[in-house]
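No value in this document is a laboratory result; all are computed from the given coordinates. Note that the structure is a prediction, hence the values are computed from the model and not measured. Cβ placement follows ideal geometry from the backbone for every residue including glycine, while neighbour counts extend to all protein chains displayed.
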Amino acid sequence: MPPRPAPSTPRPGPWLVGGEGIAYGGDYTPEQWPEEVWAQDVILMREAGVNLVSVGIFSWALLEPEEGRFEFGWLDRLLELLHANGIRVDLGTPTASPPAWFFHAYPEARVVSREGTVLGFGSRGMAGPSSPAYRAATVRITTALAQRYGRHPALALWHVHNEYGAPVSEDYSPASAAAFRRWLADRYGDLEHLNAAWGTTFWGQRYAQWEHVDVPAATPSVANPTQRLDFARFSDHALRECFVAERDAIRAHSDVPVTTNFMAGSCPATELWQWAREVDIVSNDHYLTASETRPEIGLALAADLTRSLAGGRPWILMEHSTSAVSWQPRNVAKQPGEMARNALSHLGRGADAILFFQWRASRSGAEKFHSAMLPHAGTGSRVWREVVALGRDLGALAELRGTQVRADVAILWDQESFWAQDLEWRPSVDLDHRERIDAFYTALWQAGHTVDFAHPEADLAAYRLVVVPASYLLSRAAGDNLTRFVAGGGTLLVSYFSGIVDETDAVHEGGYLAPLRRALGLTVEEFLPLREGGSVRVGGEHRSDAGDGSAPPMPELEGTVWSDDIALEGAAVVSTYLDGPAAGRPAITRHTHGLGTGWYVSTRLGVDDLMTLLDRVYRDAGLSARAGVAGLEVVVRHGVGVDYLVALNHGDAPVAVAVDGHELLSGRATDGTLKVPGGGVAVVRVTPGA
Ligand code: GLA
C-alpha cells in the first residue's frame, strides 16, 4: 500500500473578536427579568468563568415594538454592563421570531404547510422565507442593529437568526410557489429541460406552461420524486438567501465575524456544506436524545460532522444543555459528571467554545422546564456546582485553543442523498441512510477511530479509508471521485443501496451501482430485499485478502433487511449468502483497482459484525482498531510540537491509560499512567519525543 499524504493543516479562519482561551457561556435572555437581576447575573457569570453570552436572539418585539420604531435602550445598558464585567457578546439578529405586528400587517407572509394549513402566531418560527415583506423586515432590523452595535467593544460575534430550518423548513404559500418557479427557471432554463429532469412523461405530468408548475403540495398518490427533491433544494436555498441577506447587511457596518447556529446531523432541511461556505465561523447546537442507548456516540458524530463542515478549523458549540431538555417525550436529566464529559467530547473534537442553552432558567413560556446553567433551584444546586467546575476546567485548557483534530477515515455525508432516499416508494421501508451512517460510525468509534465526514465530490486524498453508507443518490462526478480515490491507493467500503440514482433521481444508465462499477468490480443485477424481520447468514471458505494468506476466511455473519443479486466483474468473493433469496450468490466482495481496494457489503450487518468486517478492511487501509477499554473515549488535538489527549470515561469503573505527560485539569504529571475515574475526564499535554 503506498503512503498517503498527511492530512493538511487547515488555514486558520476568523475567530471571536477578543476571544482568548476557550469561550464559555450560553444564551442569555435578561429581557425576561427585571434589571436588578442583571447585576446579580454578571456576578454569577464571573463566578462560573463565563466569558461569552448570546443575547437578543428572540427580542424583535422588544427592539422594534412597532414597524420602523426601534427601542435600543435596554440593549445599550445590557451591553455596557457585560462589557464592564469582561463578558463578550454574541449578538443575535431576532429574525427567527417576528413580532405580532408583522403578521398583522403582512398576513400573506405566514407559512403554509404541505397540507395547506396556514400557521399562526404565538409560538416561534419565522415567516415564509420567500415572503418579500419578511425579507425586507429582516434586513431592516438587522441593519439597525449593525449600525448601532457593529463596532461595540463588547461585540465578539454576530449570531444571525436561530437554527435555520427549524421549526419551519418548507413553505407551500403562493410567495413560495412563485419563488420556486423562478428557481426552477434558473436551474433548467426552459420547460423542456424541467420535463426531462422530472421525468414528467410518467403518469402524464408533462408541463406546457410555467404557471402550471407548483410546489409539491399534498397529492392523491405519490408525488413526483424529482419535484420533491427539487423543492427540498429550493427550500434550503431560500433559507440560505435569508441568511446571506442578513449577513451582508451586517457586513456593511461591522467587521465582526458572522455565524448562524447549525443543527449538524439533526436538521434535514439544510445542505450544510453550502451553508458552511457562507458563515465566518461554523457553530452548532447539539442535544442528547433520551432514546439513544449510547448518547455519547451520537454526540461524537455530530461534533465530528461539525468539525468537517468547518474544514477542520475550530468551531463553536453554540448550544447544549446542562441537564434535561423540555421538548422530548421523556426529558431525562444528565447524571453527575455527564455534562462535563459531553462538553469535553465536543472540545476534544475541535470545539473552541462551549456554550449552553441557556444561562438562567425561564420562569414562563414553553421552555420553563428546560435545564440551564443557573437552574430554578439556584446556586445551591448540583448543576450550578458542575457549571462552575466546568468553567474552571475550561480555563485550565486555554492552550488547546486553535489546535487541530486529524482523521484517517471519512464517511460520506450528502444531504441530497437523504432528501432523495427519504421519499416514498423505495424498494423497502427498512432502507435507512441515517441508520447505516450511525452503524458505520459506531463501529469506527468503538474501534477508537476519529472520523471526518466528507461530501462525495470532496478531495479525499488525506484519508486511508472512505465509507459509502447507503448513499442512494451519487452523481457520476462523485463516482469518478471515489474511483480515483481507490485508484490512487485508498480503501473504499461501500454499503448496499449506494450509487443507485443521479441528481435527478433517475436510475443510473448502466444500472444500479454503475458509478462505482470500476472501483468495486461488480454491478447489481437485482435488489433482493428481505421480508419484515427476516435475516440471512453470510460466510463461506473464501479469502478476505489479496490471496497472500494474510487474512483468514471471514466468520459467519448475520444480515438483515437487504440482499442483492450481484454480477461480478472482477471482484473477489469474501462471503457468500448461505441462505435467503440470494443463497449461493456473493454477499461481501473485495476488488483491487489501481493501487487501492474497493469493498462491497450487500446486506445490513449489525455493529458487531461490521466491526469484524472492518478488521479486514483496515488491513487494506493500513489501519488497525485501537485495543480500547469499553466506554473509554480518547481523542487527540494536535498543536505545534505538542499533542493533547482528551480522555472521557463513560463507564463506571476507573480505567488506566498508558501516557506520559501533564494532566491539565489536575495540574499533575501522569508518570506513564493516566487514571481516569468512572465517569471522569482528563486532558493530557503530551510532547512527542520529549
Ligand atoms: C434549540 C433552540 C433554543 C432552545 C433549545 C432548547 O436549540 O435554538 O432556542 O429552544 O433548542 O433545547
> Given Trp599, Ala567, Val640, which one lies farthest toward the positive end of the charge dipole of region 554-643, if we put +1 on the Cβ of every Lys and Arg and -1 on the Cβ of every Asp and Glu?
Replying inline: Val640
> Over region 409-621, what is the percentage of antiparallel beta bridges among all DSSP beta bridges, to the nearest 5?
Replying inline: 60 percent
> What list of ³J(HN,Hα) couplings, whole Hz, do you get for region 445-454 from phi and the Karplus terms 6.51, -1.76, 1.60, once you set θ to phi - 60° and write x for glycine and proline?
Replying inline: 4, 5, 8, x, 8, 7, 10, 9, 10, 9
>> For a protection proxy built on the mean count of beta-carbon atoms within 10 angstrom, sort 425-438, 143-156 highest first, please.
In response: 143-156, 425-438
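Place the peptides 166-179, 102-115 in order of packing, highest mean first, counting for every residue the other Cβ atoms within 10 Å and averaging per peptide. Intermediate values should be presented prior to the final figure.
Working: 166-179: 19.9, 102-115: 17.1.
Order by mean packing, descending: 166-179, 102-115.
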> Cα centroid distance between region 285-339 and region 599-666, in Å?
Replying inline: 19 Å
> Can you list, bin by bin at 10 Å, the percent of alpha carbon pairs in region 539-584, starting at 0?
Replying inline: 24, 52, 23, 1
> Under 5 Å between amide H atoms, partner at least 5 residues away or on a different chain: which partners does Ser173 have, H built in plane at 1.01 Å?
Replying inline: Val112
> Quick one: Cα centre-to-centre distance for region 156-173 and region 566-592, in angstrom?
Replying inline: 46 Å
> Taking the radius of gyration and the Kirkwood hydrodynamic radius from Cα positions alone, what is the Rg/Rh ratio for region 56-157, to two decimal places?
Replying inline: 1.04
> How many percent of all Cα-Cα pairs in the chain sit more than 47 Å apart?
Replying inline: 20 percent
>> Rounded to two decimal places and with Rh computed the Kirkwood way over Cα pairs, what is Rg over Rh for region 448-513?
In response: 0.97
> Within the chain, what percent of beta bridges assigned by DSSP are antiparallel, to the nearest 5?
Replying inline: 50 percent
>> Please compute the Kirkwood hydrodynamic radius of region 409-621 from all pairs of different C-alpha atoms, in Å with one decimal.
In response: 16.7 Å
>> Give me a comma-separated list of calculated 3J(HN,Hα) values for region 230-247, in order, Karplus coefficients 6.51, -1.76, 1.60 applied at θ = phi - 60°, integers in Hz, x for any Gly or Pro.
In response: 5, 5, 5, 4, 4, 4, 4, 4, 5, 5, 5, 4, 4, 4, 4, 4, 5, 4
>> Can you tally the net charge around Val258? Count Lys and Arg as +1, Asp and Glu as -1, for every other residue whose Cβ sits under 12 Å from the Cβ of Val258.
In response: -4
> Taking H as built 1.01 Å from N, whose amide H comes closer than 5 Å to the amide H of Gly639, not counting residues under 5 places away?
Replying inline: Gln404, Tyr644
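Using Cα pairs under 8 angstrom and six or more residues apart, how large is the relative contact order of region 163-290, in percent?
30 percent
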> For region 115-159, how big is the tail of P(r) above 17 Å, as a whole percent of Cα pairs?
Replying inline: 53 percent
>> Based on the alpha-carbon set only, what is the convex hull volume of region 362-479 divided per residue, in Å³?
In response: 205 Å³
> How big is the charge dipole of the chain about its Cα centre, in debye rounded to the nearest 20, if each Lys and Arg gets +1 on its Cβ and each Asp and Glu gets -1 on its Cβ?
Replying inline: 1160 debye
>> Tell me the relative contact order for the chain as a rounded percent, counting alpha carbon contacts under 8 Å between residues six or more apart.
In response: 11 percent
> Given Pro167, Leu305, Tyr577, which one lies farthest toward the positive end of the charge dipole of the chain, if we put +1 on the Cβ of every Lys and Arg and -1 on the Cβ of every Asp and Glu?
Replying inline: Leu305
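Hey, can you rank 187-197, 642-652 by average C-beta count inside 10 Å, highest first?
Ranked by mean Cβ neighbours within 10 Å, highest first: 642-652, 187-197.
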> Just going by the charge dipole of the chain, with Lys and Arg at +1 and Asp and Glu at -1 on Cβ, which of Thr687, His212, Phe202 is farthest out on the positive end?
Replying inline: Thr687
> Taking θ as phi - 60°, what are the ³J(HN,Hα) couplings along region 124-131 by the Karplus curve (6.51, -1.76, 1.60), each to the nearest whole Hz, with x for Gly and Pro?
Replying inline: 9, x, 5, 6, x, x, 9, 6
> Amide H neighbours of Tyr512 under 5 Å, counting only residues 5+ apart in sequence or on other chains, H built in-plane at 1.01 Å?
Replying inline: Val524
>> Suppose the Debye formula is applied to equal point scatterers at every Cα of region 632-686; what is log10 I(q)/I(0) at q = 0.15 Å⁻¹?
In response: -0.36
>> Rounded to whole Å, give me the distance from the Cα center of region 525-561 to that of region 69-148.
In response: 55 Å
